[in-house]
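Okay, so here's the structure we're looking at.
The values are calculated or read from the model by the stated rules, or taken from the named source; none is laboratory data. Not measured: the values here are computed from a predicted model. Positions of Cβ are backbone-derived with ideal geometry, glycine not excepted, and every protein chain shown enters the neighbour counts. Just the protein is used for accessible areas: all its heavy atoms, side chains included, with ligands, DNA and RNA removed. Shrake-Rupley method; radii C 1.70, N 1.55, O 1.52, S 1.80 Å.
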Amino acid sequence: MKIVFKELTLSELIILHDSYFESKEPDAPLKRFSEMSPIEQKLALEVYSPEFHFAAWSGDKLIGFVGVYPDKEPINVGIFYIIHPSFRGQGYFASLLEALIAHCRNKYSHYKYIRALTRKGNLASVRGLSKASFAYNGECVEELPQLVSYSEYLLSL
């Protein structure tokens, strides 16, 4: 399956944001987009800057969205991905990772690693990262609205 990244529109962002909210995953947003105050909506839109975030399409299907976060120093390019729940378990993740890796190698070839974080216990993500040759690099904790433990995976550029 071919994955194409396109600029993320506001309506796509809202659809994906709300579907992730509904997943109730530990790092999911705490509110639907429509429940956010105008200031919270503005901040969400700034976080999902079109410079670093893209809608992921397979044909005419919006399957998810991705983010690419380059460190200030050319060491790690962090990647972020969300597959819409209705497209999980159908093989889209491998294609999404392939497209993300190609994007990073093209735009950030002077960096050392692509860095992916996955929640501990997310076996589908761990399998996909391992199949794409990412290597486990340890555990870390990030403070979102609450503390969330992640496993870190790296892929050499």
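Table for the structure above
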{"read-out": "All positions within segment 121-149 that are at pLDDT 90 or above, open to solvent by less than 30 Å² (accessible area, probe 1.4 Å) and touching a Lys or Arg at 6+ places or on another chain (Cβ under 8 Å)", "value": "Ser125"}
{"read-out": "Of the criteria (1) at pLDDT 90 or above; (2) surrounded by fewer than 15 Cβ atoms within 10 Å (Cβ to Cβ); (3) polar (S, T, N, Q); (4) not in a loop (DSSP other than H, G, I, E, B), which one Thr118 fails", "value": "(2)"}
{"read-out": "Matching residues in segment 103-146 - criterion: being without any contact (Cβ under 8 Å) to a residue 12 or more places away in the chain and in contact with a Leu (Cβ under 9 Å, 6 or more places away or on another chain)", "value": "Val141"}
{"read-out": "Single match in Gly59, Gly67 (criterion: within 17 Å of the chain's Cα centre (by Cα), surrounded by fewer than 18 Cβ atoms within 10 Å (Cβ to Cβ), small (Gly, Ala, Ser) and at pLDDT 85 or above)", "value": "Gly67"}
{"read-out": "Filter result (more than 11 Å from Ala56 (Cα to Cα), open to solvent by 20 Å² or more (accessible area, probe 1.4 Å) and in a strand (DSSP E or B)) within segment 76-110", "value": "Asn76, Phe80"}
{"read-out": "Exclusive hit being among the acidic types (Asp, Glu), under 25 Å from Asn137 (Cβ atoms) and touching a strand residue (DSSP E or B) at 6+ places or on another chain (Cβ under 9 Å), set Glu12, Glu73, Glu25, Glu7", "value": "Glu25"}
{"read-out": "Pairs where the first residue, in segment 40-69, is of a type in the set (A, V, I, L, M, F, W, C) and part of a loop (DSSP other than H, G, I, E, B) and the second is modelled with pLDDT of 85 or more and open to solvent by 70 Å² or more (accessible area, probe 1.4 Å), C-beta under 7 Å, 6+ apart", "value": "Phe52/Tyr69"}
{"read-out": "Members of segment 1-17 that are at pLDDT below 80, assigned to a helix (DSSP H, G or I) and either surrounded by fewer than 17 Cβ atoms within 10 Å (Cβ to Cβ) or of a type in the set (Lys, Arg) (or both)", "value": "Leu10, Ile15"}
{"read-out": "Qualifying residue in segment 26-38 (condition: among the hydroxyl-bearing types (Ser, Thr, Tyr) and within 21 Å of Lys120 (Cα to Cα))", "value": "no"}
{"read-out": "Any chance Pro29 is open to solvent by less than 40 Å² (accessible area, probe 1.4 Å) and part of a loop (DSSP other than H, G, I, E, B)", "value": "yes"}
